[in-house]
Amino acid sequence: MKTYKIAVLKGDGIGPEIVDEAIKVLDAVAEKEGINFEFNEYLIGGSAVDVFDNPCPDETIKGCLNSDAILFGSIGGPKWDKLPKEKRPESGLLKLRKSLGLFANIRPAIIFDELVNASTLKPEVIKGVDLTVVRELTGGIYFGEPRYKDDNKAYNTMIYTREEIEKIAHVAFKEASKRNKKVTSVDKANVLEVSELWREVVEEVAKNYPDVELEHMYVDNAAMQLIRDPKQFDVILTGNIFGDILSDEASMIVGSIGLLPSASIGGKVGLFEPIHGSAPDIAGQGIANPIATILSASMMLDYLDEKKAADRIKKSIKKVLADGYRTKDLSSFDAKEIVTTSEMGSLIAENASN
Ligand code: NAD
């Protein structure tokens, strides 16, 4: 029986509640698919500050590097907001991503037919949307030097090297090869030199993937097209800042932040986490939606090449939603019964083991 070592970083706020449900579902699926998980917990974020005075202790990084994948909850909260920047939970997550070389962020926006009414867009616009944003995560304007600010002038620098663009483009084309075989590369090549290079390198990389169609789109147009007709997209490939904005826009097509998973990959070990934060306003009340984290666990199984187990989780979520079970955040959308975080996890686990 294959055993996977999973580093579990529950974090703060609702983190522990939602990760516990994902583990429940993973255990149910493991039994069914003949695989085994060894879960090892490490501290991150505010909970690590409380114990080690450090939001990302070396022990956590070492534990992650020693694992096959990382399941992450969420970090942060008002308790730690006043600390100096390097001690804040958010710095812990940035340090972890950087230390592990996680340069590619993958955020699928999957619509469940059962929840089309939860979106602010018209059902006919979003029904059938299945797109993924592949965002470069460790370069571009957020990290470029020089950066500067005084009272009268400030600037940042948007830098991409050929190597950085090649790496993220390969991730996007590989992703598209497994999906609907189309990459939309988003840039601002009509204005920015950095985007001109981006476009040239993406075209070169595309030659390795003859089955995948490539189109280019300016970022302003992409922002508009995402709302006008999101079904035209399969994989959106883009840099750090454009990806930051477009992936949040894409997530709103789905309706609730509690539904969206993500994967950060590229280094030795992939990290899987919901896109939302630690939701301190609802922590400890048993009302958080665990589906984003459970879907992240499904992405983790895909990454570990356990496709059947990954699909089993997605099918189970669909069934539970079709049966009308909703957590509080989705209570006004075709709900037959409102359930707690833990009940939602149990329902998905139960269905996944049928
Ligand atoms: P948030 O995503 O935590 O919450 C925004 C809103 O969405 C809140 O009303 C919250 O109750 C709701 N929400 C979030 N997840 C939900 C879920 N699973 N089910 C139901 N409702 C849910 O964003 P915020 O309030 O801006 O930030 C809170 C803390 O989280 C901050 O400290 C922030 O820095 C941190 N944060 C962490 C991450 C991360 O861990 N990757 C990401 C974003 C924000």
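The values are calculated or read from the model by the stated rules, or taken from the named source; none is laboratory data. The structure presented is a predicted model; accordingly, all values stated were derived computationally and were not measured. Every residue, glycine as well, gets a Cβ built from its backbone with ideal geometry; the counts of neighbours run over all protein chains shown. Note: accessible area is taken over every heavy atom of the protein model, side chains too, but ligands, DNA and RNA are not part of it. Shrake-Rupley method; radii C 1.70, N 1.55, O 1.52, S 1.80 Å.
What full-extension length gain, to one decimal in nm, is calculated for residue 232 and residue 208 as 0.36 nm per residue of separation minus the Cα-Cα distance?
Extending this stretch completely gives an extra 6.3 nm.
Can you list the residues of the stretch 228-253 with backbone N under 19 Å from a point 7 Å past the Cα of residue 120, pointing along Cα to Cβ? Residues 228-231, 244-253 fall inside that zone. Magnitude of the charge dipole for the stretch 218-354, about its Cα centre and with charges confined to Cβ atoms of Lys, Arg (+1) and Asp, Glu (-1), is about 400 debye.
Of 76, 46, 324, which has the largest mean-square fluctuation in a 10 Å C-alpha GNM of the chain? Evaluated over the chain, the most mobile residue of the options is 324. Carbon-plus-sulfur accessible fraction, the chain (probe radius 1.4 Å, protein heavy atoms only): 50%.
Label 7 Å along Cα→Cβ of residue 59; the stretch 1-37 residues with amide nitrogen under 17 Å? From the stretch 1-37, the list is 7-12.
The order of the peptides 198-207, 331-340 by mean Cβ neighbours within 10 Å, most packed first, is 198-207, 331-340. For the stretch 130-253, a simple Cβ point-charge model (Lys and Arg +1, Asp and Glu -1, everything else neutral) yields a dipole of about 240 debye relative to the Cα centre.
Placing a label point 7 Å from the Cα of residue 342 along the Cα-to-Cβ direction, the residues of the stretch 256-293 whose backbone N falls under 17 Å from that point are 283-291. Report the calculated FRET efficiency for residue 161 and residue 79 (r = Cβ-Cβ distance, R0 = 35 Å), to the nearest 0.05. Once rounded, the FRET efficiency stands at 0.35. Of interest is the spacing of the C-alpha centroids, which for the stretch 90-119 and the stretch 1-38 amounts to 18 Å.
With every protein chain present, what is the per residue accessible area of the stretch 13-167 (1.4 Å probe, Å²)?
Values: 7490 Å² over 155 residues.
I get 48 Å² per residue for the stretch 13-167.
Counting only lysines at least 8 places from residue 207 when in the same chain, those with an alpha carbon closer than 20 Å to its own are 167, 174, 178, 181, 182.
In summary, the aspartates and glutamates within cross-link reach of residue 268, defined as a Cα separation below 14 angstrom excluding same-chain residues under 8 places away, comprise 68.
Can you give the extra length, in nm with one decimal, that the chain gains between residue 50 and residue 99 once fully stretched, where that is 0.36 nm per residue apart less the Cα-Cα distance?
This chain segment gains 15.5 nm when fully extended.
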